[in-house]
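Presented below is the structure to which this report refers.
The values are calculated or read from the model by the stated rules, or taken from the named source; none is laboratory data. Here the structure is a predicted model, which means the values were calculated and not measured. Cβ: placed from backbone, ideal geometry, glycine included. Neighbour counts: every protein chain shown.
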Amino acid sequence: MSSKHALITGVTGQDGAYLARFLLGRGYSVHGVIARRGTDTLWRLRELSVLDDIEIIDADLIDLSSLIRALERTKAEEIYNLAAQSFVATSWDQPLLTAEVTAVGALRLLEAMRIVNPKARFYQASTSEMFGKIQQPVQDERTPFYPRSPYAVSKLFAHWSTVNYRESFNLHASSGILFNHESPLRGIEFVTRKVTDAVARINCGLQKELRLGNVDAQRDWGFAGDYVEAMWAMLQQPEPDNYVVATGKTTSVREMCRIAFAHVGLKSEDYVVVDPRYHRPAEVDVLIGNAAKAKERLGWSPKTPLETLIHMMVDADIERVRRSLRA
Ligand code: NDP
Ligand code: GDR
């Protein structure tokens, strides 16, 4: 067992919670950066029963000196930059905040690492959204990028900053180009969880319909619990690199709805209403990733089929709704 120190920004998010649990299971001391904003952001860490095992560090990607102090205090040898304004739709309403956190925030953390501990290893949470208007039917590490939102443009800046710091300063900085990954801990604003929460509420008689935007959009969806293992594996490699992490299968939002409603014996077409309010100024129509390099170099492949994932999410949301009704 290792006794390494890891620092996770975005520890209160979906991936942060799963990664914290994974690293604790491997004997790491886990330090989680929390940018305090008042509301209860710790629920995921409670659900996975890891809150008491993490050392909480107050810092913010907007505040360079807080990041420097976080790295000095924790002496982290592995730094996972998962923090971001991560909701694509919001990035058109708050483009500057998105750029500050998601783009320049990553650069600030790279700077902090360069100043405090250039020998540490760095993971950047890059995204399939960088492929955007796809330039190849199946996307891999060599596919040209074409971002379609302020979020994706910001992530592209962070990705190239990671590559540039690797090449300029010889930092062990890797970029994981992860395709969509979901779980019962997914934020409710993202489409899979919006759907599974609605299925649970409709099933319990609390909601009558589900209003969605572009149900023809297609995504390569995997399970977050599988994907955090690839993040760790990247930092165990002798050399830093870029890796696509994906399942290689794509499914429409419409089909994902069908799977979720069918799990409780309902037909999605009886409940889903298309509402133009949820359409985006520019859409990413379809994404499919080729994770052959991750399989070959990291020994990583996805374990959870989409149906299993959606069923897990619906079951968790039904349990949450029932618990709230009992309270
Ligand atoms: P979440 O939205 O669930 O989590 C984002 C995290 O970032 C939260 O912990 C949030 O804190 C934190 N955060 C936001 N702003 C700041 C800030 N200024 N300083 C410090 N922390 C901040 O994202 P996911 O867990 O789903 O994703 C993790 C990362 O991976 C993100 O960068 C995302 O863009 C990227 N990504 C995600 C994919 C996915 O399908 N999930 C796919 C590809 C990339 P708080 O809880 O306080 O809001
Ligand atoms: P995405 O995820 O934009 O791919 O970004 P999201 O679940 O928000 O959207 C997926 C697709 O579903 C369509 N859609 C809707 N989306 C939402 N949220 N709400 C709706 O009502 C709705 N109706 C249809 C969207 O238009 C889109 O095409 C996620 C985030 O986690 C990013 O941080 C990450 O980088 C990428 O995945 C990979």
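Each residue in the stretch 1-18 was checked for being out of contact with any Lys or Arg (no Cβ under 8 Å at 6 or more places or on another chain) and either without any contact (Cβ under 8 Å) to a residue 24 or more places away in the chain or closer than 12 Å to residue 183 by Cβ (or both), and 2 pass. Exactly one residue among 60, 40 is in contact (Cβ under 8 Å) with a residue 12 or more places away in the chain and either more than 16 Å from ligand 2 (Cβ to nearest atom) or surrounded by 22 or more Cβ atoms within 10 Å (Cβ to Cβ) (or both), and that residue is 60.
Step by step: first the residues of the stretch 1-37, then only those that are outside any loop (DSSP other than H, G, I, E, B), away from ligand 1 (no atom under 12 Å from the Cβ) and among the small types (Gly, Ala, Ser), then the one that is surrounded by the most Cβ atoms within 10 Å (Cβ to Cβ). Which residue is that?
My answer is 6.
A single entry from 246, 262 fulfils the requirement of being among the aliphatic types (A, V, I, L, M), over 30 Å from residue 119 (Cβ atoms) and more than 15 Å from ligand 2 (Cβ to nearest atom): 262. Scanning the stretch 274-307 for residues that are among the β-branched types (Val, Ile, Thr) and farther than 24 Å from residue 143 by Cα yields 274, 304. A residue that is over 26 Å from residue 5 (Cβ atoms), touching a residue at least 40 places away in the same chain (Cβ under 8 Å), in the same structural domain as residue 59 (by TED's automatic domain parsing) and crowded, with 24+ Cβ neighbours inside 10 Å occurs somewhere in the stretch 109-127. Go through the residues of the stretch 35-42 one by one and say whether even a single one is touching a strand residue (DSSP E or B) at 6+ places or on another chain (Cβ under 7 Å) and of a type in the set (D, E, K, R). Yes; the residues of the stretch 35-42 include at least one that is touching a strand residue (DSSP E or B) at 6+ places or on another chain (Cβ under 7 Å) and of a type in the set (D, E, K, R). On the basis of being assigned by TED's automatic domain parsing to the domain that holds residue 20 and in contact with a strand residue (DSSP E or B) (Cβ under 7 Å, 6 or more places away or on another chain), does residue 54 make the cut? Here the answer is yes, as residue 54 does meet what is asked.
Which residues, counting only those in the stretch 273-327, are closer than 21 Å to residue 128 by Cα and hydroxyl-bearing (Ser, Thr, Tyr)?
278, 301, 304
Considering only the stretch 72-99, state which residues are in contact with a Leu (Cβ under 8 Å, 6 or more places away or on another chain), surrounded by fewer than 24 Cβ atoms within 10 Å (Cβ to Cβ) and not in a loop (DSSP other than H, G, I, E, B). Matches in the stretch 72-99: 74, 78. Residue-level check: of (1) away from ligand 2 (no atom under 12 Å from the Cβ); (2) surrounded by fewer than 23 Cβ atoms within 10 Å (Cβ to Cβ); (3) of a type outside the set (Lys, Arg); (4) not assigned by TED's automatic domain parsing to the domain that holds residue 114, residue 213 misses just (1). Summed over the stretch 41-63, residues that are in a loop (DSSP other than H, G, I, E, B), more than 19 Å from the chain's Cα centre (by Cα) and either closer than 19 Å to residue 186 by Cβ or acidic (Asp, Glu) (or both) total 2. From the list 326, 219, 320, 254, the lone residue that is crowded, with 19+ Cβ neighbours inside 10 Å and of a type in the set (D, E, K, R) is 219. Among residues that are modelled with pLDDT of 95 or more, surrounded by fewer than 22 Cβ atoms within 10 Å (Cβ to Cβ) and more than 12 Å from ligand 1 (Cβ to nearest atom), residue 68 is included. Beta carbons closer than 8 Å, at least 6 apart along the sequence or on distinct chains, pair a first residue in the stretch 212-230 that is under 12 Å from residue 312 (Cβ atoms) and modelled with pLDDT of 95 or more with a second that is part of a helix (DSSP H, G or I) and near ligand 1 (Cβ under 9 Å from one of its atoms) for 224/14; 224/15; 224/18; 225/18.
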